[in-house]
C-alpha cells in the first residue's frame, strides 16, 4: 500500500500536492452526532499558516475548508468526512530552474529513486503544505475528545536553535508568533530570527505537546502501544528527526530510582514516563516532544547532482521558512489528538464495558 492513511478505527487519508489545485483529506470512523461547521477549522489553520509574520514563508493561502461529505445539517453522520482546501497562492515558476536538480536535505532524490518521477513544485507531496489537512482533521478530533472525555491537547515551542524558555506560562503561548511560553523572551527571538534570515541560513527547533484529562487505559500492550502510535504519528510530520515520550533520551542518564514514577493512594508522584506505561495511558498528562531539522531550501549555493548525474550548484529560490518549527505546534497537536481519538475508539470497542463488570473474586465461581 502507498501509506497515505493512518489510524485504525479513526482513519485519516490525505491527498494533494503543494502546487496542485487543492489539498484534502478523508476522515473515516468519526462517530455520528458531532456538531462541526466550516468556520470551526479557521482558528487552528490560521495558527499553522504561513505569511503571518516575517519569520515564516511569505506564501499566503486562504485555507478555506469545504466540507464535501459526512456532515448533514451541521452534524457528523458517521460516514466519511471529506474536507477540501483549494490552493490559491502557488508560484510554481520559482522551481523551474531546479526541476532537474536534487536539493540536498530534501525528498527530491528519494522520490526520484522510488517513483521515477517527481513533482518539483514546492516539493509536491513532500511539502509541509500537506500538514494543513492533518490540522483540519485534528480540529474534529480535538472537539470530540474535549466533549466526550474532557481531554485537551496543546503544545508550544520549547527550543529555537540554542534558545530555551527562561520561564513558562500557557497564557503567553498564543500571544506571539513563536508559540513561545515566556513573553519576555520574544524580542530576543525576533532579533535572532532577523539575523538568521539576513544571513540566508535556517535553524532547527523543538516542540512539546501535551494532553490533559486522558483517562487511564487507552492504548494496547504490544503492537498498538499508545506511545508507539504517537511516535509514528509525530515522526510522520515533515522535517521531524526525533521524537521523545516523557523524559525521552534524558532517561539515559537517569537512575531507576530517579526515573520510576512512585505511586501513592493519591496518585503518581512524578511523570517521567510521559503518562504511558506498557503502551497504556496511566491517567496522567501525556507528554511528547519532537525535534525538527533546519530547512534545507536556502538561497545559499550548495553542491548537488542533477538527474543526469552531473555535478551542479543548487540555489533554491521561492518562499521558505527559515525555521519550520515555528509553525509546527498546531501540527503536533493535531497528530496527538488524532492518535488519542483513535485509541479512545479502540478502547471503547474492546473494553468499554470493563467498568461495568464486577471484579473477579477467587473462589466465587461454582464448580
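Read-outs throughout are calculated quantities, based only on the coordinates presented, and are distinct from any laboratory measurement. Predicted model, so just to flag it, every value in this text is computed and none were measured. Backbone-built Cβ (ideal geometry, glycine too); neighbour counts: all protein chains shown.
What order, most packed first, do the peptides 236-243, 5-12 have when packing is the mean number of other Cβ atoms within 10 Å of each residue? Write down the numbers at each step before the final one.
On the way: 236-243: 17.4, 5-12: 19.4.
By packing density, highest mean first, the sequence is 5-12, 236-243.
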Taking only Cα atoms of the stretch 151-284, what ratio of Rg to Rh do you get with Rh as the Kirkwood inverse-distance radius? 1.02
Just 137, 233, 349 to compare: in a GNM of the chain, with alpha carbon springs under 10 Å, which one fluctuates most? 349
Calculate the FRET efficiency for residue 235 and residue 197 from the Cβ-Cβ distance with a Förster distance of 25 Å, rounded to the nearest 0.05. 0.35
Degrees between helix 226-235 axis and first principal axis of the chain (Cα, 0 to 90, nearest 10): 10
Output ordering of 220-227, 322-329, 300-307, 27-34 (per-residue mean of other Cβ within 10 Å, highest first) is 322-329, 27-34, 220-227, 300-307
What whole number of Å gives the distance from the Cα centroid of the stretch 244-286 to the Cα centroid of the stretch 145-182? 21
If each DSSP helix of 4+ residues adds -39,500 (n - 2.57) and the sum is divided by the residues in the chain, what number results at 222 nm, nearest 500 deg cm²/dmol? -7500 deg cm²/dmol
Between residue 353 and residue 8, what FRET efficiency comes out of the Förster formula 1/(1 + (r/R0)^6) with R0 = 22 Å and r the beta carbon distance, rounded to 0.05? 0.65
Which one of 341, 263, 193 has the biggest mean-square fluctuation once the chain is modelled by GNM with Cα springs under 10 Å? 263
In Å, what Rg and Dmax follow from the Cα atoms of the chain? 22.2, 82
With the crude spin-label approximation of a point 7 Å out along Cα→Cβ, what separation in nm comes out for residue 110 versus residue 310? 2.8
Efficiency of FRET from Cβ geometry, residue 170 and residue 43, R₀ 22 Å, rounded to 0.05: 0.85
